[in-house]
Every structure is written in C-alpha cells, then in structure tokens.
C-alpha cells in the first residue's frame, strides 16, 4: 500500500490518497475541499480512482464528494447508517449552511467488518459510532485512518446531532484501543502537535484516552 496525507479545505481536514503500487487502483478518504488538488494528484501519480470513502457524513469531510465523483468517475462509499442522513432534507441543509453543494447519494454502503479492495490492497471497515452514527475507521497494514473518532492528543465531539457519548466511548475502548500499540493513527484533522501518532502513544499522551484505560 502507498498513501499520501493531504490537508484540504478550511477546517484543516486530512484527506488520504491510498493506492495499490502494483495495479495503480486508488481511493480517497474524506475529500473535505480542494477537490481539484486531489484530482490533480491522482492524475500526477497515474492512478485510477475507484472509491471515494467518507469516514462519516459531516460536510467538512464530504463536501468534495460530488465534484470529485464528477472529475474521476469513482464510486462514493459510506457506512450504511450515513446514507439516510446524506439523502435527507436535514442532511442537505447541513451542506447549504456551510456554503457547500449537497453530496450525491452513495453508490455503495459498507458495514462493520467489510473490506474495501483496491488492487492488491484490502482495507477493513471498523464501525465506530459516537461522533456520528455512521462513523467508520479504516485499517490496513498497521495503519488506522480514524476520521473524527481519534485525533492526535484528542477525540471527536459528542455534542452534535446524532452523537452519542456512551457509544463513542465503547467504540474507542472496543475497536481502537484493542489494536496493537504499534498501529499508526492517521487522524481526520490536523489538530494535534504531529500529523500522526500510534495507539500506544495515545494511551500514554492523550488525556482523554488515559481516562479510559
């Protein structure tokens, strides 16, 4: 697996361009703005974009869905619990309030334990509700793409519509903190002192995680 962390948009969102070096198939996680930059990077690397994956349906992570789909022909993938929100009037209004065009409906939905395959690379879907009902993390070859579930030195909010703090704590304890300490954490925002961390480091340095173990 090859991948690149790319900061986009107005809210310091980290998008990730993940690819198979043998087949040149690729996916992008969370196109949160600067869509032309993302599409140009796909072209520069000679990749074929197969999927656009949202870690959750909040507009700051998914506002580029429609334009990137138009530019690349990739399929939009979300957790099955995100689909109703993206297609609802409330979901569309969320985009309008932030000045974005609404996301198109997803082409595919996934659930916990599913695998997204690009070439010879397989990424496992971990359903991590709490910040959002359809929140997911993606695990591949010791790398964990965490969206707004886990940041470097922090965790996602649970005071938003659809959030659930009890679910969120369970997601962290049961899905993420059980992974090997050497698992590399790649967060959904550039909020911490470093752009990445590990599960082991977060157990030691993240004050929110220290309270859970």
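The values are calculated or read from the model by the stated rules, or taken from the named source; none is laboratory data. Keep in mind the model is a prediction, meaning the values are calculated, not measured. A quick note on method: Cβ atoms are made from the backbone with ideal geometry, for glycine too, and the neighbour counts reach across all protein chains shown.
What number of residues within the range 29-47 are in contact with a helix residue (DSSP H, G or I) (Cβ under 6 Å, 6 or more places away or on another chain) and either assigned to a loop (DSSP other than H, G, I, E, B) or in contact (Cβ under 8 Å) with a residue 60 or more places away in the chain (or both)? Total meeting the criteria: 3.
Step by step: first the residues of the range 197-213, then only those that are in a helix (DSSP H, G or I) and out of contact with any helix residue (DSSP H, G or I) (no Cβ under 8 Å at 6 or more places or on another chain), then the one that is nearest to residue 167 (Cα to Cα). Which residue is that?
Among those residues, the one meeting the criterion is 208.
Scan the range 73-101 for residues that are under 20 Å from residue 7 (Cβ atoms) and buried (at least 17 other Cβ atoms within 10 Å of the Cβ) and jot them down. Correct list: 100 only. Taking the criterion of being in a loop (DSSP other than H, G, I, E, B) and either more than 11 Å from the chain's Cα centre (by Cα) or surrounded by fewer than 24 Cβ atoms within 10 Å (Cβ to Cβ) (or both), the residues of the range 135-158 that qualify are 141, 142, 152, 153, 156, 157, 158. Scanning the range 112-133 for residues that are outside any strand (DSSP E or B), on the phi < 0 side of the Ramachandran plot and touching a helix residue (DSSP H, G or I) at 6+ places or on another chain (Cβ under 7 Å) yields a total of 3. Number of residues in the range 12-26 that are farther than 18 Å from residue 53 by Cβ and under 14 Å from the mean Cα position of the chain (by Cα) equals 1. The listed residues are 76, 68, and the only one of them that is in contact with a helix residue (DSSP H, G or I) (Cβ under 6 Å, 6 or more places away or on another chain), within 19 Å of residue 138 (Cβ to Cβ), assigned to a helix (DSSP H, G or I) and in contact (Cβ under 8 Å) with a residue 24 or more places away in the chain turns out to be 68.
Screening the candidates 158, 178 for the property of being without any contact (Cβ under 8 Å) to a residue 40 or more places away in the chain and under 16 Å from residue 57 (Cβ atoms) yields one hit, 158.
Among the residues of the range 1-15, those identified as surrounded by 21 or more Cβ atoms within 10 Å (Cβ to Cβ) and touching a residue at least 60 places away in the same chain (Cβ under 8 Å) are 13, 14.
Residues in the range 162-183 that are farther than 29 Å from residue 90 by Cα and exposed (fewer than 15 other Cβ atoms within 10 Å of the Cβ): 6 in all.
Taking the conditions (1) surrounded by fewer than 16 Cβ atoms within 10 Å (Cβ to Cβ); (2) at pLDDT below 95 in turn, residue 113 satisfies each one other than (2). Based on what the data block shows, is residue 109 farther than 30 Å from residue 24 by Cβ and either outside any loop (DSSP other than H, G, I, E, B) or in contact with a helix residue (DSSP H, G or I) (Cβ under 6 Å, 6 or more places away or on another chain) (or both)? Here the answer is no, as residue 109 does not meet what is asked. Taking the range 48-57 as the range and being touching a helix residue (DSSP H, G or I) at 6+ places or on another chain (Cβ under 7 Å) and farther than 16 Å from residue 138 by Cα as the test, only 49 passes.
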